[in-house]
Each structure stands twice: as structure tokens, then as C-alpha cells.
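Here is the structure we will look at, set down as C-alpha cells.
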Amino acid sequence: MDMNFGTEHLDDSTTVVTPQGRLTMVSTAGLKNLVGELVGGGRVRIVVDLAATDFIDSSGLGALVAGLKTARQAGGDLRIARPTDQVRTVLQLTNLDRVLRPAASVRGAFGET
């Protein structure tokens, strides 16, 4: 099953990416490519809104970490927002919630209200 990625530009440098469905080995290439394209186009602040992501596995986590690296190398950052219970559990089990600190809202991911 293909995964859909919604995108919304909040400002000149910030884009919200919304993966919908399962973020697994099958769909991670799409996320990595999308983040790479956004960062390459100058949108170096990425918020991955996980409210519509009902499942994530280790390859999905790897794609988030790869996106974080891509954004930081370009002088930006990647943050996550609104993870579902399953995603939050996986983040906690892998201690990645310390690296990718989940925000309660999309705008709150970069400290905005």
C-alpha cells in the first residue's frame, strides 16, 4: 500500500509533512525523498505531523532520523508533532523520544503558539 504525504507550508522556511497510514520499509523512501526535496528547496524547518500515522517500525524511525540529519546539515531542524499512541510507544521504547521530542501541536514543534 502506498503512503500519502500531505505537505503544508507554514512560512518561507517551515513545512509540515503529514504521513498518512503506516510508516514502514515500503514507504520510508518516499519520506526521505520528500524531506530531501524540501530541504534542497530551502525549506529547512520540517515538522512531521504524525497524527495520521497509525503505525511506525524501525525503518520509519530511521527515515525520521535521516530527515533530521538532512535538515540539520542544511542549518535547519526536523521536529515531530502529535504522535499516535503506537508511534509514541515506539519512540519511548527506542529512546528516540529524547532526540525527536514530540510536540503536542504542529505550531508548537518550533516553539510557536
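Restricting to segment 38-74, name every residue that is hydroxyl-bearing (S, T, Y) and over 21 Å from H9 (Cβ atoms).
S58, S59
Looking at R43, R22, which one is in contact with a strand residue (DSSP E or B) (Cβ under 7 Å, 6 or more places away or on another chain), of a type in the set (D, E, K, R) and surrounded by 19 or more Cβ atoms within 10 Å (Cβ to Cβ)?
Being in contact with a strand residue (DSSP E or B) (Cβ under 7 Å, 6 or more places away or on another chain), of a type in the set (D, E, K, R) and surrounded by 19 or more Cβ atoms within 10 Å (Cβ to Cβ) holds for just one of R43, R22, which is R43.
All but one of (1) open to solvent by 80 Å² or more (accessible area, probe 1.4 Å); (2) touching a helix residue (DSSP H, G or I) at 6+ places or on another chain (Cβ under 6 Å) hold for R101; which doesn't?
For R101, the failing item is (2).
Can you name the residue in segment 58-98 that is charged (D, E, K, R) and loosely packed, with under 13 Cβ neighbours inside 10 Å and is also farthest from V17 (Cα to Cα) among such residues?
Filtering first and then ranking leaves R98.
Considering segment 7-19 alone, what residues qualify as being in a strand (DSSP E or B), open to solvent by 30 Å² or more (accessible area, probe 1.4 Å) and of a type outside the set (S, T, Y)?
Passing the criteria: E8, H9.
Within segment 100-109, is there a residue that is in contact with a Ser or Thr (Cβ under 8 Å, 6 or more places away or on another chain) and not in a strand (DSSP E or B)?
Taking every residue of segment 100-109 in turn, at least one turns out to be in contact with a Ser or Thr (Cβ under 8 Å, 6 or more places away or on another chain) and not in a strand (DSSP E or B).
Quick one: in segment 46-57, which of the residues that are surrounded by fewer than 19 Cβ atoms within 10 Å (Cβ to Cβ) and among the hydrophobic types (A, V, I, L, M, F, W, C) is farthest from V106 (Cα to Cα)?
If we take residues in segment 46-57 being surrounded by fewer than 19 Cβ atoms within 10 Å (Cβ to Cβ) and among the hydrophobic types (A, V, I, L, M, F, W, C), then F55 is farthest from V106 (Cα to Cα).
The values are calculated or read from the model by the stated rules, or taken from the named source; none is laboratory data. The model shown is predicted, which means the values in this text are computed figures rather than measured ones. Note that each Cβ is placed from the backbone with ideal geometry, even for glycine, and that neighbours are counted across all protein chains shown. Heads up: the accessible areas ignore ligands, DNA and RNA and are worked out on the full protein's heavy atoms, side chains in. Shrake-Rupley method; radii C 1.70, N 1.55, O 1.52, S 1.80 Å.
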